[in-house]
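Below is one structure, written out as C-alpha cells, with a few remarks after it.
Rule-based calculations on the coordinates, nothing more; no lab input. Small disclaimer: the values here were computed from a predicted structure and weren't measured. Using ideal geometry, Cβ is built from the backbone for each residue, glycine included, and neighbour counts are taken over all protein chains shown.
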Amino acid sequence: MMKIINRNLLLMICLLVLTVVLVACGDNQQTAAPTTAPTTAPTTVPTLVPTSAPTEVPEPTEVPTPKPTRAPLAAEQLDVPFADDMQGLEELYTQTFDDADWNEDGTVTVVHPDLVEINGEMLFTTFQDGAYKKGWATLAFPFDMDFDVYEQIEISMDLQTNGQIAHKSLFGFFVPDLSKLPDRTGRGLWITPSCIGKVFFLGQTPVGAPIDKGHWGKNGGFASVSTVEAFNEAMEKITFVARRDKITGYVTKTDNTQHKLFSVEIGDTELVIYDGNGTEVFRGSNDGEYMRGYGFKIMSHDAVTIIDNIVVKAY
C-alpha cells in the first residue's frame, strides 16, 4: 500500500513540474517580440548637376592716363617763345643731326633722300656729295600740331638758306597729307624765309591775292613781309610759335637778340598777315582750307637749306 502511495506521489510531482515548464515556455512565446524581416533602405540616386564651363575672365581694359590739366596761358605768354624754365611743357620732337644715321628708324619721311645729307653734324638739303645739287626734297616730321590737345606749339631750329624768290626753303603748317606738295588748295600754309630780307607765304591762294601765286613753284607766293634778317650769312635760330588761329615767327640773331618777323592770323573767314612791326601787309578771304591738317613739313626747292637743332615744344 505504501508503495502505491509513493508511486502516485512521484507521478504527481512529475506532472506538476511538467506543467510549470509548459507554462513558462508559453509565457516566453507570448512576450517575445515578433521577428521582422530586415527592411532594405531604398537606394538614393544622386542628382547629376551639369558642370558649367569655366568662365573666361576678360582682359583688363587699359584706361588711358589722363593728361594733366593745365592752366591756360597768360596773355603775355601767347604768341611768344616759351620761357626756358616754364613748367608744364612737353617736348614733342628733338633732333641734333649728330649722327649720319639720324633717321635710321625712319620716323621722318624723306622724299628724295639722295638730296639730303649730314655735313658737319648739320642737315643739308638739295645737296649731294658735299655740293649743291639742283632738285627738291621734303622732310615730314613725326609729331602732330594738334590744337585739340595743346594750346600752343613752338618749333625752333638753326637755319641758313640761300633761298630767294624762286629757289625756296619752305616750312609747311597744318599740312593734311604729308605725302603731298604745296601745289593745291588745302595743303597747308607754307612760310618761306629767304636770303633777301623777305618772308614769303604760299599754299592756297586766298581770295584777294593779286594773282594765283599759291603754288610752290610760283615766284613770290601770294604775300610777303620785309624782315630784318637775311638767312644766308650764318646759322641763326628761327622760331615758329603756333596756335589754332595764329602763327608768329621770330629770329634770334648771332648776338642773341630776338626779333619778330611776322604774324599770320587765321580767322574763320579771313587770313591777315602782319610784318614784325605789326603793320598789316595782306588781308584776304579764308574758307578754312588752311586749318585742315595737323602736319609739319620742310621742303627745299633748288635752295641749299641747312638745318640744325630742331626742338618742338608744346603746352
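Over the stretch 90-314, what portion of Cα pair distances is larger than 29 Å, expressed as a whole percent? Mind showing how you got there, number by number?
Details: 4640 of 25200 pairs.
Counting pairs separated by more than 29 Å, the tail of P(r) holds 18 percent.
Relative contact order for the stretch 90-314 using alpha-carbon pairs under 8 Å, separation at least 6, rounded to a whole percent?
Numbers: 628 pairs, mean separation 67.8, N = 225.
In percent, rounded to a whole number, it is 30.
Using the structure shown, list the pairs from K260/K313; K198/K297; K134/K297; K168/K246; K133/K246; K260/K297 with a Cα-Cα distance above 26 Å, or answer none. Don't skip to the end; give the middle numbers.
On the way: K260/K313 19 Å; K198/K297 20 Å; K134/K297 20 Å; K168/K246 23 Å; K133/K246 35 Å; K260/K297 22 Å.
From the list (K260/K313; K198/K297; K134/K297; K168/K246; K133/K246; K260/K297), the Cα-Cα distance tops 26 Å for K133/K246.
Find how much the distance from A131 to T96 grows on full extension, using 0.36 nm per residue of separation minus their present alpha carbon separation; answer in nm with one decimal. Display every interim value, and only then the final one.
Working: separation 35, 0.36 × 35 = 12.60 nm, distance 2.11 nm.
Using 0.36 nm per residue and subtracting the Cα-Cα distance, I get 10.5 nm.
What is the fewest-to-most order of M299, M86 by other Cβ atoms lying within 10 Å of their Cβ? Mind showing how you got there, number by number?
On the way: M299 25, M86 12.
The order, fewest Cβ neighbours first, is M86, M299.
Once both labels are modelled 7 Å past Cα along the beta-carbon direction, what's the T69-K246 spacing in nm?
2.6 nm
Can you tell me which aspartates and glutamates have their Cα less than 18 Å from the Cα of K253? Leave out same-chain residues fewer than eight positions away.
Those aspartates and glutamates meeting the cut-off are D84, E154, D158, E229, E233, E236, D275, D308.
Quick one: Cα centre-to-centre distance for the stretch 230-271 and the stretch 75-140, in angstrom?
About 17 Å separates the Cα centre of the stretch 230-271 from the one of the stretch 75-140.
Under a crude label model (7 Å from the Cα following the beta-carbon direction), how far is A166 from D148 in nanometres?
In this crude spin-label approximation the distance works out to 4.3 nm.
Defining a contact as two alpha carbons under 8 Å apart and six or more residues distant in sequence, what relative contact order in percent does the stretch 108-200 show?
Values: 112 pairs, mean separation 18.0, N = 93.
Relative contact order for the stretch 108-200 comes out at 19 percent.
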